[in-house]
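Please treat every number below as a calculation from the coordinates, not as lab data. Just so it is clear, the structure is predicted and the values come from calculations on it, not from any experiment. Note that we place each Cβ from the backbone using ideal geometry, even for glycine, and neighbour counts take in every protein chain shown.
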Amino acid sequence: MNLSYKQLLEIESQLNCPSGEGGLQIGATMNDSNAQMISSSIELLNVQEDSCVLEVGHGIGGHVKNIIRKANTVQYIGLEISKTMNSEAIRINKSNQKQASFIMYDGVNIPFGVNTFDRILTVNTIYFWSNPRLFLKEIYRVLKPGSKLVIAFADKKFMLGLPFVNNRFKLYSKEILTDLYVDSQFISIEFTEKHDSVLSKSGELVNRIYLVAELFK
């Protein structure tokens, strides 16, 4: 599928902050195309009984049930900058509202106190962090000691081959994220490299290389 420059810019914008009907379509596509990446990340979260889990950038939240079903007492909170994604996640997870809640935030300040969460998860959002070092510090602040953050992202080399990747994206490799980690207070980091085949946002089937990083407090 050949997309115009304007269409590619629209995809990039919607990936950053989905809105309106186009945002709902992108959100549904992301939920499907990122299914394996999300599943890998949830497994590495290693959710336990009584865990309080935060997800940064949950999209339409089709996967939330897979987190809260890990244990009867799991509490899940999702943060979004997109009102469209927030509303859709609430709608989709209406039956899960005893264990899952969804909150809007400004993309910079996490609206919770120190040492609140046992696990924090974010999939394919790191490209859009406006100040990665400060945001990683903010995540560290709300994470309990002895707990961990899981970050999933597509490798920089793969991302460079996508036609809609432009100035809104900051791309990451294992080395770049390691440099970010070194400047943080996290005590250790581990990487798992994965591969999957996905239909890209521009309509092409591609072999994706992605990384799932575990950062321990």
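The calculated FRET efficiency for Glu175 paired with Asp32, based on their beta-carbon distance and R0 = 25 Å, is about 0.25. If you bin all the Cα-Cα distances of segment 5-216 at 10 Å, starting from zero, the percentages per bin are 8, 36, 40, 15, 1. Amide H contacts of Phe117 (H built 1.01 Å from N, in plane; Pro and chain starts excluded): Leu143, Lys144 sit under 5 Å, all sequence-distant by 5 or more or on other chains.
Each residue of segment 11-23 was assigned a 3J(HN,Hα) from its phi angle through the Karplus curve 6.51 cos²θ - 1.76 cosθ + 1.60 (θ = phi - 60°); the sequence is 4, 4, 5, 5, 5, 5, 8, x, 8, x, 4, x, x Hz, with glycine and proline shown as x. Under a 5 Å amide H cut-off, with hydrogens placed 1.01 Å from N, His58 pairs with Leu79 among residues at least 5 apart or on other chains. Considering the zone a paramagnetic label at Asn167 would reach in this model (a point 7 Å from Cα along the Cα-to-Cβ line), which residues of segment 3-35 have amide N under 15 Å from it? Answer for this model: 6, 9-10, 12-13. The HN-Hα couplings worked out from phi for segment 135-149 by the Karplus form 6.51 cos²θ - 1.76 cosθ + 1.60 (θ = phi - 60°) are 6, 5, 5, 5, 4, 4, 4, 8, 8, 6, x, x, 10, 8, 10 Hz, whole numbers, x standing for Gly and Pro. Think of it as helices only: each DSSP H run of n ≥ 4 in the chain is worth -39500 (n - 2.57), and spread over all residues that comes to -10000 deg cm²/dmol at 222 nm. For segment 5-216, the relative contact order is 20 percent, taking Cα pairs closer than 8 Å that sit 6 or more residues apart in sequence and dividing their mean separation by the residue count. For the residue pairs Lys170/Lys194; Lys6/Lys65; Lys137/Lys194; Lys98/Lys174; Lys98/Lys157, the C-alpha atoms sit more than 32 angstrom apart in Lys6/Lys65; Lys98/Lys174; Lys98/Lys157.
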